1. Keeping to the range 152-180, report how many residues are within 20 Å of the chain's Cα centre (by Cα) and of a type in the set (Gly, Ala, Ser).
2. Please go through the range 22-52 and give me each residue that is part of a helix (DSSP H, G or I) and under 21 Å from the mean Cα position of the chain (by Cα), ordered by number.
3. Which residue is most open to solvent (accessible area, probe 1.4 Å), if the candidates are limited to the range 64-99 and must be in a loop (DSSP other than H, G, I, E, B) and farther than 25 Å from VAL135 by Cα?
4. What pairs come out if I take residues in the range 173-197 that are farther than 14 Å from ALA208 by Cα and pair them with residues that are of a type in the set (A, V, I, L, M) and surrounded by fewer than 12 Cβ atoms within 10 Å (Cβ to Cβ) whose C-beta lies under 8 Å away, six or more apart or interchain?
5. Output the residue which, of all residues in the range 136-169 that are out of contact with any Ser or Thr (no Cβ under 9 Å at 6 or more places or on another chain) and of a type in the set (A, V, I, L, M), is farthest from ILE205 (Cα to Cα).
6. For residues that are open to solvent by 70 Å² or more (accessible area, probe 1.4 Å) and in contact (Cβ under 8 Å) with a residue 12 or more places away in the chain, scanning just the range 140-154, find the one that is nearest to HIS116 (Cα to Cα).
Amino acid sequence: MTLEGGTAVTGLSAARLTRLAAEAFATGGSVSFTAPRYHGGETTVSWAPETAVAVAGHICRSWGREAGVGTRLVAVECERGFAVTLRYTPAAGDGPYRLRAAQPPGEPKVIELCGHDGCDCPAPAGPGTRCAFHVTDPVPAGEERGYWGRLAAEAWAATYNPRGERARLADNERRGVIIGGIVSGLTEEELCRITGIDLLEVKDILGAVPSERPPEDDDEYTEM
């Protein structure tokens, strides 16, 4: 079998990662596999089974626009320290899809990367989408010239400039975080440092809901 670019493959896929992870969990070992390099040759990667499961899950969940994506072959684009970038080009032509898998101390981290070769920025709007630095890349067949820029702008607006129902939900979530932090015992200054929310905004939120701040050491309170 061959992978994009004609590289000979050894069968790296989400299905294989899942099987290797299951075997590693059973024996208490690690997941080691030989994989094709996108630019030619092969490499050997060794992961904790949790990392292999996280990568396989991400591929099936986020790259699953095509039937059978879990068994489609992927390649190693690059390796940097404990981080490995995997790559897959879908037949739909909106790729390539790229992810970075890392296993620092703690839980594994899987990040969807911009679809531009070698870019380390996160993909703004799902697999294959281009970050703000690469919105002039060629667009999928039939799409307008500003396709990547529009997707990046829409993703930014949905995250940082919500309107309508999204705005109400975002406001409620921000309000809940601030009130919950105060209830838990954090100070306003600590909440500002943790969340990045301006101190005046924190005070405005708390000033608007004084009744939701529980009384401290209220001797008259009796549990019903």
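The values are calculated or read from the model by the stated rules, or taken from the named source; none is laboratory data. The model shown is predicted, which means the values in this text are computed figures rather than measured ones. All Cβ positions, even for glycine, are placed from backbone atoms using ideal geometry, and neighbour counts span all protein chains on display. Please note that ligands, DNA and RNA were not included when accessible areas were found on the heavy atoms of the full protein model with its side chains. Shrake-Rupley method; radii C 1.70, N 1.55, O 1.52, S 1.80 Å.
1. Within the range 152-180, residues that are within 20 Å of the chain's Cα centre (by Cα) and of a type in the set (Gly, Ala, Ser) number 6.
2. First pass over the range 22-52, keeping only residues part of a helix (DSSP H, G or I): 22-27, 49-52.
PRO49, GLU50, THR51, ALA52, listed by residue number.
3. PHE82
4. GLY181/ILE194; LEU186/ILE194
5. Going residue by residue through the range 136-169, those that are out of contact with any Ser or Thr (no Cβ under 9 Å at 6 or more places or on another chain) are 136-144, 146-147, 150, 153-154, 156-169.
Narrowing further to those that are of a type in the set (A, V, I, L, M): 139, 141, 153, 157-158, 167, 169.
Values: VAL139: 43, ALA141: 48, ALA153: 29, ALA157: 23, ALA158: 22, ALA167: 15, LEU169: 15 Å.
Step by step, filter the range 136-169, then rank; the result is ALA141.
6. Step one: of the range 140-154, the residues open to solvent by 70 Å² or more (accessible area, probe 1.4 Å) are 141-145, 150, 154.
When the remaining residues are screened for being in contact (Cβ under 8 Å) with a residue 12 or more places away in the chain, the result is 141, 154.
Details: ALA141: 17, GLU154: 19 Å.
So the residue we want is ALA141.
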